[in-house]
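Enquirer: Mind having a look at this structure? Questions to follow.
The values are calculated or read from the model by the stated rules, or taken from the named source; none is laboratory data. Since this is a predicted model, take the numbers as computed values, not measurements. So basically every Cβ, Gly included, is an ideal-geometry build from the backbone, and we count neighbours across all protein chains shown. Each accessible area value is taken on the protein alone, full model and side chains, heavy atoms only, with ligands, DNA and RNA left out. Shrake-Rupley method; radii C 1.70, N 1.55, O 1.52, S 1.80 Å.
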Amino acid sequence: MKAHTIPSTLYICEICNNAENNKTYTIEEKMYRTGDSFIYFKCAKCGCLQISEIPSDVAKFYDSSSYYSLQPKNKSRNLVIIRDWLKKQLFSYYLENKNIIGFVLKKIYNDPYYWFPKKKLNFNSRILDVGCGSGGLLRQMAEGGFKNLYGIDPFLKNNLQYKTAKGVIVNIDKKHLSEIDQKYDFIMLHHVFEHMSNPHDVIENLKKIMSEDAKLLIRIPTVDGYFWRKYKLNWFQIDAPRHFFLHSLESIRYILQTHGLKIENLLYDGIWSTFYLSEKYQRGLSMLSDDYSCTKEEKKTYQKKIKHLNLQGDSDQLCLLISKI
Ligand SMILES: [Zn+2]
């Protein structure tokens with residue numbers, strides 16, 4: 001008797017349209033261990049691992065209580081002025097590579113904005129953070145001297161506004177990307193793109209609002225690499241069903257090219273804790289479980305290993321700086 005197999009044509013790659021030989025996987029929700037599971041498939045052509053169907057109730061898999069809290073801290077005005085001045089030195093370094101104080105701060109803080117496009121922007125550049133949450137990063141940037149900042153996030157409860165000591169206002173609105181029609185010089189998506197449905201529409205919308213010389217930053221998990229090979233379905237970054245698309249380098253290149261965009265620069269920026277969290281999942285634990293913690297030695301080993309994987313281009317996070325072709 002013939003075994004029941006689901007025809008592979010049911011699973012058509014949303015990135016490249018390939019329907020042949022796509023391999024399916026049943027993947028459980030592991031962050032909270034809700035007991036739900038989801039079918040993902042990996043495209044045999046472009047390599048993108050993707051959810052077969054976006055759950056209609058996906059919002060229930062987000063813990064909204066812990067998201068998006070922004071408590072302004074009470075600090076004396078003088079301290080705030082000094083702090084913001086130091087931030088400005090740091091960002092000046094990222095903008096021009098010249099500022100000595102900024103260079104020292106960068107060393108001390110271990111290159112906190114390593115993803116920043118060097119020598120491409122200035123303090124007046126129009127900057128958009130897509131999926132910015134409560135806008136913590138934009139707040140940092142406003143305090144550091146950037147004047148034209150805007151953030152959107154459709155999952156916000158309300159619009160937010162932040163004002164720096166120097167009177168610069170940052171608006172953060174509850175909005176979808178498709179509602180934006182102004183142009184920007186720098187658009188950033190920090191671990192957001194993998195949560196968005198209709199990736200071709202997203203890329204097209206992003207391109208539409210890029211100014212002629214704009215830079216687009218997309219930071220995503222990537223399936224090409226050590227973690228998928230070692231941990232497979234227990235790889236922490238699959239994060240079913242919240243991550244809809246886990247791109248390969250080939251699939252992200254393909255989708256960008258289709259819309260007239262190219263990767264100008266890329267680096268791998270995986271973090272050591274992915275080892276620890278994937279180990280937890282491998283033991284059948286939830287992300288928040290206390291039943292497994294890694295030793296200091298293990299942490300050191302993971303830190304060393306992730307550094308190596310990042311340099312080899314074999315870790316699980318990609319940081320892409322993109323421009324128009
Ligand atoms: Zn594909």
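Enquirer: Could you work out the helix-only [θ] at 222 nm for the chain, with each DSSP H run of four or more residues adding -39,500 (n - 2.57) and the total divided by the number of residues, to the nearest 500 deg cm²/dmol?
Expert: Mean residue ellipticity, 222 nm, calculated: -8500 deg cm²/dmol.
Enquirer: Return the single residue from 48, 13, 294 with maximal mean-square fluctuation; model: Gaussian network over the chain, springs between Cα atoms under 10 Å.
Expert: Greatest mean-square fluctuation among the candidates belongs to 294.
Enquirer: As I understand it, the value is the acute angle between the Cα axis of helix 296-312 and the longest principal axis of the Cα atoms of the chain; what does it come to in degrees, rounded to 10?
Expert: Computed tilt is about 90 degrees.
Enquirer: Name the most mobile residue of 52, 134, 273, meaning the one with the largest mean-square fluctuation, in a Gaussian network model of the chain with Cα contacts below 10 Å.
Expert: Among 52, 134, 273, the largest mean-square fluctuation in the Gaussian network model of the chain belongs to 273.
Enquirer: Another question, then. Please report the relative contact order for region 75-196, taking Cα pairs under 8 Å with a sequence separation of at least 6, and give it as a percent rounded to a whole number.
Expert: Here the relative contact order equals 24 percent.
Enquirer: Can you give me the relative contact order of the chain as a percent, contacts being Cα pairs under 8 Å and 6 or more apart?
Expert: Reported relative contact order: 18 percent.
Enquirer: Let me check I've understood the local charge: for residue 301, count other residues with C-beta under 12 angstrom from its C-beta, Lys and Arg +1, Asp and Glu -1. What total comes out?
Expert: Residues near residue 301 contribute +3 overall.
Enquirer: Provide the per residue accessible area, probe 1.4 Å, for region 75-196, rounded to a whole number of square angstrom.
Expert: Computed with neighbouring chains in place, this is 52 Å² per residue.
Enquirer: With the dipole of the chain worked out from charges on the C-beta (+1 for Lys and Arg, -1 for Asp and Glu) around the Cα centre, which of 86, 146, 214 lies farthest toward the positive end?
Expert: Of 86, 146, 214, it is 86.
Enquirer: Would you work out which of 301, 24, 315 lies farthest towards the positive end of the dipole of the chain? Charges go on Cβ: Lys and Arg +1, Asp and Glu -1.
Expert: The Cα lying farthest towards the positive end belongs to 301.
Enquirer: Same structure, new question: How large a share of the accessible area of region 247-325, in percent, is made up of carbon and sulfur atoms when the probe is 1.4 Å and the other protein chains stay in place?
Expert: Of the solvent-accessible surface of region 247-325, carbon and sulfur hold 50 percent.
Enquirer: Let me ask you something else. Considering only protein heavy atoms and a 1.4 Å probe, what is the carbon-and-sulfur percentage of the accessible area of region 75-196?
Expert: 52 percent
Enquirer: Can you give the angle from 0 to 90° between the axis of helix 273-282 and the longest principal axis of the chain, with both taken from C-alpha atoms, to the nearest 10?
Expert: 30 degrees
Enquirer: Name the residue from 284, 52, 263 whose Cα lies farthest towards the positive end of the charge dipole of the chain, charges +1 on Cβ of Lys and Arg and -1 on Cβ of Asp and Glu.
Expert: Most positive-ward Cα: 263.
Enquirer: Which of these, 168, 192, 130, has the largest mean-square fluctuation under a Gaussian network model of the chain (Cα springs below 10 Å)?
Expert: 168
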